[in-house]
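The values are calculated or read from the model by the stated rules, or taken from the named source; none is laboratory data. Just so it is clear, the model here is predicted, and its values are computed rather than measured. Positions of Cβ are generated from backbone atoms using ideal geometry, with glycine treated the same way; all protein chains shown enter the neighbour counts. The accessibility values were calculated without ligands, DNA or RNA, using every heavy atom of the protein model including side chains. Shrake-Rupley method; radii C 1.70, N 1.55, O 1.52, S 1.80 Å.
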Amino acid sequence: MIIGEFSRLTGISAYTLRYYEKKGLLHVERDGAGRRDYREADVEWVKFIKRLKDTGMLLRDIRHYSDLRYQGDETMEERMELLVRHRRSVVEEQRKWAEYLDNLDDKIEIYRERIDGGRG
């Protein structure tokens, strides 16, 4: 499929798709006219790249993962190790955000008590 259709299907801009390709995250076939020709298998891969980015994986690590992915199944163990390390990082971020949220909740409760106490 062409880039516009692929962009609509994945929800990722054509600009970003070209960037992913330029950075080596995505290998795209070309048709006889030289246009990008995306495959169905590329849909889930691009969505996974986006999830890795959204969860804070560095671009260089995504590129390394991508390189390994395109090398084939013999790299599965190394890819898994990358994902396990990234998972640890995501869990740590969750822990920090939960702490930040608790702190905000505590501060909001202080304001509620003071505001309600001032009305009595």
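When each of 28, 43, 84 is tested for being of a type in the set (A, V, I, L, M) and at pLDDT 95 or above, the lone residue that passes is 84.
Taking only pairs six or more apart or across chains, which ones have beta-carbon atoms under 8 Å, a first residue in the stretch 70-88 that is closer than 15 Å to residue 53 by Cα, and a second residue that is among the hydroxyl-bearing types (Ser, Thr, Tyr)? Cβ pairs passing all conditions: 82/65; 83/65; 86/55. Taken together, the criteria exclude residue 93 from residues that are within 14 Å of the chain's Cα centre (by Cα) and open to solvent by 50 Å² or more (accessible area, probe 1.4 Å). Scan the stretch 57-68 for residues that are modelled with pLDDT of 95 or more and open to solvent by less than 70 Å² (accessible area, probe 1.4 Å) and the total you get is 7.
Does residue 64 satisfy the criteria of being out of contact with any Gly (no Cβ under 6 Å at 6 or more places or on another chain), outside any helix (DSSP H, G or I) and under 26 Å from residue 14 (Cβ atoms)? Criteria not met by residue 64.
For the stretch 6-36, the set of residues classified as within 20 Å of residue 70 (Cα to Cα), without any contact (Cβ under 8 Å) to a residue 24 or more places away in the chain, surrounded by 14 or more Cβ atoms within 10 Å (Cβ to Cβ) and not β-branched (Val, Ile, Thr) consists of 18, 19, 21, listed by residue number. Residue 41 meets all of the listed conditions (1) surrounded by 11 or more Cβ atoms within 10 Å (Cβ to Cβ); (2) part of a helix (DSSP H, G or I); (3) hydrophobic (A, V, I, L, M, F, W, C) but one, namely (1). Taking the stretch 67-78 as the range and being part of a helix (DSSP H, G or I) and under 16 Å from residue 24 (Cα atoms) as the test, the residues that pass are 67, 68, 69, 70, 71.
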